[in-house]
1. Mind checking which residues of the stretch 40-50 are at negative phi and either outside the structural domain of LEU128 (by TED's automatic domain parsing) or surrounded by fewer than 16 Cβ atoms within 10 Å (Cβ to Cβ) (or both)?
2. Applying the selection to the stretch 281-300, what residues are over 19 Å from VAL323 (Cβ atoms) and not in a helix (DSSP H, G or I)?
3. Considering only residues of the stretch 408-425 that are small (Gly, Ala, Ser) and surrounded by 16 or more Cβ atoms within 10 Å (Cβ to Cβ), which is farthest from LEU140 (Cα to Cα)?
4. Can you name the residue in the stretch 56-105 that is over 17 Å from the mean Cα position of the chain (by Cα), under 26 Å from PRO42 (Cα atoms) and among the small types (Gly, Ala, Ser) and is also surrounded by the most Cβ atoms within 10 Å (Cβ to Cβ) among such residues?
5. Identify all residues within the stretch 265-280 that are crowded, with 16+ Cβ neighbours inside 10 Å and either among the polar types (S, T, N, Q) or assigned to a helix (DSSP H, G or I) (or both); write none if there are none.
6. In the stretch 364-401, how many are in contact (Cβ under 8 Å) with a residue 60 or more places away in the chain and assigned to a helix (DSSP H, G or I)?
7. Is the stretch 114-130 home to any residue that is at pLDDT 95 or above, under 24 Å from SER430 (Cβ atoms) and either part of a helix (DSSP H, G or I) or not assigned by TED's automatic domain parsing to the domain that holds PRO42 (or both)?
8. For the stretch 64-82, how many residues meet the condition of being at pLDDT 90 or above and not hydroxyl-bearing (Ser, Thr, Tyr)?
Amino acid sequence: MTFPRYPEYKDSGLEWLGEVPAHWEVVKLGYLAISKGGGTPPKDELHYWNGSIPWVTPKDMKQQWITSTIDTLSEEALHASAVSMIEPGHVLMVFRSGILRHRIPAAINKIPLTVNQDLRAYDVRPRLVPEFFLRLTQGLNSELLIEWSKQGATVESLDSELVRSTQLPVPPMSEQEAITAFLDHETARIDALVQEQQRLIELLKEKRQAVISHAVTKGLDPNVPTKDSGVEWLGEVPAHWEMVRLKQMVAVQGGATPAKDRPDFWDGEIPWVSPKDMKKVRIDDAQDHISVKALSETGLATIEPGAVLIVVRGMILAHSVPVGIAEAPLTINQDMKALTPTGRCSSEYLLLLLSGIKNAIFCFIDASAHGTRKLEWERFENIWVPLPSVTEQESTCSEVFEGVEDTYKLIAAATSAMSLLGERRSALISAAVTGKIDVRGWKPPASTTTESREAASTEAV
């Protein structure tokens, strides 16, 4: 779609904003809005909690509209802490959180509620339409994050005075409403396309998992005789396969974290793999690196290529069990283990096997006292698994990896499409709220339905 530009522009006086339509104003936010903060009642006063009053924290800020919250307060809490009621129609903004390193979450409350000390609620009426201000924060998110952060500081909080003094483009109210209606419609269309790609990716992943699981538990030949494996979750397996315990197949290495207060431990070139690096199957590098000195003084062992890496601790184990194969010498942290085959199976087949029995692995994952997920290794290494001959392992790997290659390509294509749609969405919002395009003459297509308008109200930001 292409949109016209406004007939006349003027310099906004702001380098990061550039030109704006000639009839728009540029006004400090402090003149446009009144803000209100919040607080947290004492956690040990149980009668302050689980009442009828919604209480917003950064973890609730995943939707454009706030209609419910994870935590709630009682009436007593209102009179005993810094929290106060916020009427519907305010723009809520996260002011303090690690997420501010990447973006500024914002949303509009559709219900009366309270907020904690990490948020501020902005009443922008009557100068701004709340929905327009919300779109403004979305469209200028990167720019505002820079403008509202203290120079040189780690971006985990916004500076209230910088926020108040920031100048923003302000079109007439009728244009704010037109821009909001346009963006509600167009972003809903884009979000629907993103959801289609997400569903496709999930279906492709399920298909890939099914193919791998069947290959390592039932084999590729449906006509071979079978036998009872003796393992409830496994059922029957090919009769000529062995049943062995995992610990009989592998040598296990653990990892550790060198002292963070020793810069000389962290100035090297040796990859130090942690769960955050386990986003791909072939691991040849890591985000962090350690030195030879760290290796020698901490007792960390080098993991040789061919070892299969598995995450054994972390919240990711709540829904996934990342595994990968080392393709370069590296080290690992204490949340990982490296499994080196001892001769009964190949590295490639071990990777395939662990990928294929992920559902069984979940049975060995438990939560620690702090809620972190942990793979109970002493129990898990005794798991019985089916094992074909080395020759059959090789043919299975060859056929399965070739068979799922197309699936990987389709997932990559769908992921790329989602990224492009996200860029399109951001660019469209930015262009509309800064006046780079003129949508005053835009009309929703006749096919627009109530459902499509409602879809915009639930989009994630």
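1. PRO42, LYS43, ASP44, GLU45, LEU46, HIS47
2. Filtering the stretch 281-300 down to residues over 19 Å from VAL323 (Cβ atoms) leaves 288-300.
Those that are over 19 Å from VAL323 (Cβ atoms) and not in a helix (DSSP H, G or I): ASP288, HIS289, ILE290, SER291, GLY299, LEU300.
3. Of all residues in the stretch 408-425, those small (Gly, Ala, Ser) come to 412-414, 416-417, 419, 422.
Going one step further and asking which of them are surrounded by 16 or more Cβ atoms within 10 Å (Cβ to Cβ), we end up with 414, 417.
Values: ALA414: 27, ALA417: 23 Å.
Checking each candidate, the answer is ALA414.
4. Only one residue tops the list, namely ALA77.
5. PHE265, SER274, PRO275, ASP277
6. 7
7. There is at least one residue in the stretch 114-130 that is at pLDDT 95 or above, under 24 Å from SER430 (Cβ atoms) and either part of a helix (DSSP H, G or I) or not assigned by TED's automatic domain parsing to the domain that holds PRO42 (or both).
8. Looking only at the stretch 64-82, we keep the residues that are at pLDDT 90 or above, and these are 64-77.
Okay, now just the ones that are also not hydroxyl-bearing (Ser, Thr, Tyr), so 64-66, 70-71, 73, 75-77.
The number of residues fulfilling the criteria is 9.
The values are calculated or read from the model by the stated rules, or taken from the named source; none is laboratory data. Not measured: the values here are computed from a predicted model. Neighbour counts run over all protein chains shown; Cβ positions are idealised from the backbone, glycine included.
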